[in-house]
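Engineer: Okay, handing you the structure first.
The values are calculated or read from the model by the stated rules, or taken from the named source; none is laboratory data. All figures in this text were calculated on a predicted structure; none of them were measured in a lab. Note that each Cβ is placed from the backbone with ideal geometry, even for glycine, and that neighbours are counted across all protein chains shown.
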Amino acid sequence: MGAYSYSRSSLPQNTIVGRYCSIARNVTSLGFQHPLERFSTSSVTYSNDEFQLPSLPEGFLKTYGEPKSPAITIMNDVWIGNNAVLKPGIRIGNGAVIAANAVVTKDVPDYAIVGGIPAKVIRYRFTTEVIKALLALQWWDYDFLDFHDIPLDSDINSFIESLRHNIKHKNISKLSPNYFSLTGIKTSK
């Protein structure tokens, strides 16, 4: 979980969240996938837990183990609305917005606004030129406290120019927060 980010949802343990992200309530990950390659997707072909069928021959059920889910990667400045569902292994790009109730099954481009089932790009937050400038600037690498002389409601082009000026002339440096780990959880920068 990056600096200045928060989540109102319980995310899968291997989820990676960048800086300045806002994650609403009831955001979930798609669960276990049933076997599509078998004659039936029913769990009766690999587990007797639900049905408790008597006297099945030894080795009759063919196990279907739940593979380890790949990490969901949420880059920086991402807003995810209520009740969104995310497929394991996707990457949500910098500055993206996920609409409430969206089911995201594919990677989301930087600064795209997506929604629907399955989620599709509705539009982009900014023009291609502005997106390129924001990605080059990587404003999320800086501490919000260093933005004190930039009007927070300024238009995007003014923000870009003001931050460029501050980086060059006021020598603001990239944010380097302290990291901590929880017992049993491996962390990295």
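Engineer: Does Asn101 qualify as being surrounded by 14 or more Cβ atoms within 10 Å (Cβ to Cβ), assigned to a loop (DSSP other than H, G, I, E, B) and in contact with an Asp or Glu (Cβ under 7 Å, 6 or more places away or on another chain)?
Structural biologist: For Asn101, the condition - surrounded by 14 or more Cβ atoms within 10 Å (Cβ to Cβ), assigned to a loop (DSSP other than H, G, I, E, B) and in contact with an Asp or Glu (Cβ under 7 Å, 6 or more places away or on another chain) - is not met.
Engineer: Of all residues being among the aliphatic types (A, V, I, L, M) and surrounded by 12 or more Cβ atoms within 10 Å (Cβ to Cβ) in segment 147-158, which is farthest from Phe126 (Cα to Cα)? Just the residue, please.
Structural biologist: Among residues in segment 147-158 that are among the aliphatic types (A, V, I, L, M) and surrounded by 12 or more Cβ atoms within 10 Å (Cβ to Cβ), the one farthest from Phe126 (Cα to Cα) is Ile150.
Engineer: Right, here's the next one. As an exercise: evaluate Tyr4 against (1) touching a helix residue (DSSP H, G or I) at 6+ places or on another chain (Cβ under 8 Å); (2) free of Cβ contacts under 8 Å to residues at least 60 places away in the same chain and give the number of the one condition it does not meet.
Structural biologist: (2)
Engineer: Within segment 120-137, can you find the residues that are without any contact (Cβ under 8 Å) to a residue 24 or more places away in the chain and out of contact with any Phe, Trp or Tyr (no Cβ under 8 Å at 6 or more places or on another chain)?
Structural biologist: Lys120, Val121, Ile122, Arg123, Thr127, Thr128, Glu129, Lys132, Ala136
Residue-by-condition table, conditions (1) of a type in the set (A, V, I, L, M, F, W, C); (2) part of a helix (DSSP H, G or I); (3) surrounded by 15 or more Cβ atoms within 10 Å (Cβ to Cβ):
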site: Arg123; (1), (2), (3): no, no, no
site: Leu134; (1), (2), (3): yes, yes, yes
site: Trp140; (1), (2), (3): yes, yes, yes
site: Leu145; (1), (2), (3): yes, yes, no
site: Arg164; (1), (2), (3): no, yes, no
site: Ile167; (1), (2), (3): yes, yes, yes
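Engineer: If you don't mind, there's one more thing I want to ask. Which ones in segment 10-25 are polar (S, T, N, Q) and surrounded by fewer than 17 Cβ atoms within 10 Å (Cβ to Cβ)?
Structural biologist: Result: Ser10, Gln13, Asn14, Ser22.
Engineer: Taking segment 10-51 as the region of interest, how many residues are in contact with a helix residue (DSSP H, G or I) (Cβ under 8 Å, 6 or more places away or on another chain) and among the charged types (D, E, K, R)?
Structural biologist: 4
Engineer: Here's something else I'd like to know. Of the residues that sit in segment 71-98 and are without any contact (Cβ under 8 Å) to a residue 24 or more places away in the chain and touching a Pro at 6+ places or on another chain (Cβ under 8 Å), which one is surrounded by the most Cβ atoms within 10 Å (Cβ to Cβ)?
Structural biologist: Ala96
Engineer: Still on this structure, please answer the following. Provide a single number: the residues in segment 26-57 that are assigned to a loop (DSSP other than H, G, I, E, B) and either surrounded by 14 or more Cβ atoms within 10 Å (Cβ to Cβ) or of a type in the set (Val, Ile, Thr) (or both).
Structural biologist: 6
Engineer: Which condition breaks for Asp49 when tested against (1) acidic (Asp, Glu); (2) under 24 Å from Ser7 (Cβ atoms); (3) over 24 Å from the mean Cα position of the chain (by Cα)?
Structural biologist: Going through the list (1) acidic (Asp, Glu); (2) under 24 Å from Ser7 (Cβ atoms); (3) over 24 Å from the mean Cα position of the chain (by Cα), Asp49 breaks only (2).
Engineer: Is there a residue in segment 128-143 that is under 17 Å from the mean Cα position of the chain (by Cα) and closer than 18 Å to Ala24 by Cβ?
Structural biologist: No - not one qualifying residue is present in segment 128-143.
Engineer: Right, another one. Given (1) modelled with pLDDT under 95; (2) loosely packed, with under 15 Cβ neighbours inside 10 Å; (3) of a type outside the set (S, T, N, Q); (4) within 18 Å of Cys21 (Cβ to Cβ), where does Asp107 come up short, assuming only one miss?
Structural biologist: Unmet condition: (1).
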